[in-house]
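Scroll down for the structure; my scribbles are underneath it.
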Amino acid sequence: MSARGSVLRVALVGHGIARSLTPAMHEAEGRAQGFAYRYDVIDTGDLGDLGGIIARAQAEGLVGLNITHPFKQAVLGHLDRLSETAARLGAVNTVVLRHGERVGHNTDHSGFRAGFTTGLGESARGCVLLLGAGGAGAAVGFGLLDGGVAELLIHDIDAARANALGDKLRRCCPDKRIATVPALTPEVAERLDGIVNATPMGMASHPGSAFPRDLLRRWHWVMDIVYFPLETALLARARAVGCHTVSGAAMAVHQAADAFRLFTGHSADPNRMAAVFQRLSATS
Ligand code: NAD
């Protein structure tokens with residue numbers, strides 16, 4: 001699918017994305033596979049003209065765009081078609097530009113699910129707590145249910161957001177048990193097999209953890225999707241208690257690998273991309 005010899009071009013569109021490690025992961029993978037592949041960053045500032053940016057990308061022959069904060073919903077109005085998952089989620093982070101058509105996909109969902117499956121192996125999936133019901137939380141919630149979780153509890157400091165995501169997930173997955181929890185209590189903690197953090201808590205700009213340390217139990221597995229830094233307070237505390245943990249690198253790497261395949265038509269090697277990600281995270 002990729003024209004070896006001519007440069008295959010893609011770009012990331014969003015606000016405040018200068019530190020993103022996604023471009024470097026893609027370009028290194030293109031080099032490793034032996035084709036010329038360029039991944040640019042289009043940082044829009046607050047008032048990005050998304051329609052104009054997509055039209056220019058198409059006119060210049062880019063084969064795709066990754067779309068990030070704050071455009072994952074806004075981009076829907078600029079597309080011709082959506083994948084089934086992107087339509088279900090109402091959010092797009094990957095746009096394939098081919099044959100004059102703009103097709104939206106969601107590799108946050110597929111990437112989380114792949115990271116979840118490989119990171120957790122046979123760990124129990126009976127009852128899982130999702131912390132955070134924002135854009136990423138929605139992709140993670142669908143990923144957890146698609147990945148075999150039987151009962152999903154959702155907690156967000158904004159109760160309306162938790163309820164809205166709960167309603168959306170129940171409509172799509174009527175066979176699953178889905179509930180919102182207004183407070184994190186010992187009774188909730190005792191029922192959990194696993195916990196996934198999809199809030200910004202743990203980032204350098206949001207220090208701390210959305211899950212209280214005294215409610216962590218040795219049998220919980222704990223996954224974080226925050227990756228700046230990779231070692232969040234939640235993961236450090238969970239490891240100290242003896243929990244199995246999976247860092248935010250898992251989702252970041254797999255969403256990039258899935259987008260690479262959609263853009264280029266070539267499967268990416270997630271282990272090679274993970275090595276690039278780990279090396280760059282250690283120095284950024
Ligand atoms: P968002 O702002 O859309 O949603 C965050 C949600 O968390 C909000 O609903 C907010 O009310 C809730 N929240 C904040 N503090 C909370 C707390 N203490 N307890 C419970 N809920 C709380 O943000 P988003 O786009 O969903 O992103 C969330 C995080 O996920 C960011 O840190 C982002 O970097 C990370 N992320 C990682 C990947 C990856 O590939 N690993 C991909 C996307 C996003």
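The values are calculated or read from the model by the stated rules, or taken from the named source; none is laboratory data. Quick caveat: nothing in here was measured; it's all calculated off a predicted structure. Note that each Cβ is placed from the backbone with ideal geometry, even for glycine, and that neighbours are counted across all protein chains shown.
With region 232-284 as the region, which helices (runs of 4 or more DSSP H) entirely inside it contain at least 1 residues that are aromatic (Phe, Trp, Tyr) and either in contact (Cβ under 8 Å) with a residue 24 or more places away in the chain or under 24 Å from Thr199 (Cβ atoms) (or both)? I'd like the intermediate steps shown before the answer.
On the way: elements: 233-241, 249-264, 270-283.
Answer list for region 232-284: 249-264, 270-283.
Against the condition without any contact (Cβ under 8 Å) to a residue 60 or more places away in the chain and either closer than 18 Å to Thr107 by Cβ or part of a strand (DSSP E or B) (or both), how does Ser20 come out, does it pass? Here the answer is yes, as Ser20 does meet what is asked. Remark: Glu190 matches the filter, which requires a residue to be of a type outside the set (Gly, Ala, Ser), more than 10 Å from the ligand (Cβ to nearest atom) and more than 19 Å from Gly115 (Cβ to Cβ).
Could you give me the residue pairs with C-beta distances under 7 Å whose first residue belongs to region 198-223 and is closer than 16 Å to Gly134 by Cβ, whose second residue is of a type in the set (D, E, K, R) wherever it lies, and which are 6+ apart or on separate chains? Note: pairs meeting the criteria are Gly202/Asp224. All conditions but one from (1) more than 19 Å from His109 (Cα to Cα); (2) at pLDDT below 95; (3) not in a helix (DSSP H, G or I); (4) not hydrophobic (A, V, I, L, M, F, W, C) apply to Arg218; the one that does not is (2). For Ser267, are the conditions met, namely being in contact with a Lys or Arg (Cβ under 6 Å, 6 or more places away or on another chain) and at pLDDT 95 or above? Yes; evaluated as a whole, the condition is true for this residue.
Within the span defined as region 138-145, one or more residues are within 8 Å of the ligand (Cβ to nearest atom) and under 20 Å from Val222 (Cα atoms). Scanning region 206-262 for residues that are out of contact with any Cys (no Cβ under 9 Å at 6 or more places or on another chain), among the charged types (D, E, K, R) and more than 13 Å from the ligand (Cβ to nearest atom), which turns out nearest to Thr185 (Cα to Cα)? Ranking the qualifying residues of region 206-262, first place goes to Asp214. Filtered by the rule that a residue be among the β-branched types (Val, Ile, Thr) and either more than 22 Å from the chain's Cα centre (by Cα) or surrounded by fewer than 18 Cβ atoms within 10 Å (Cβ to Cβ) (or both), region 10-41 gives Ile17, Val41. Checking the stated criteria, Ile195 turns out not to satisfy the condition of being under 23 Å from Ala114 (Cα atoms), away from the ligand (no atom under 16 Å from the Cβ) and either in contact with a Cys (Cβ under 6 Å, 6 or more places away or on another chain) or assigned to a strand (DSSP E or B) (or both).
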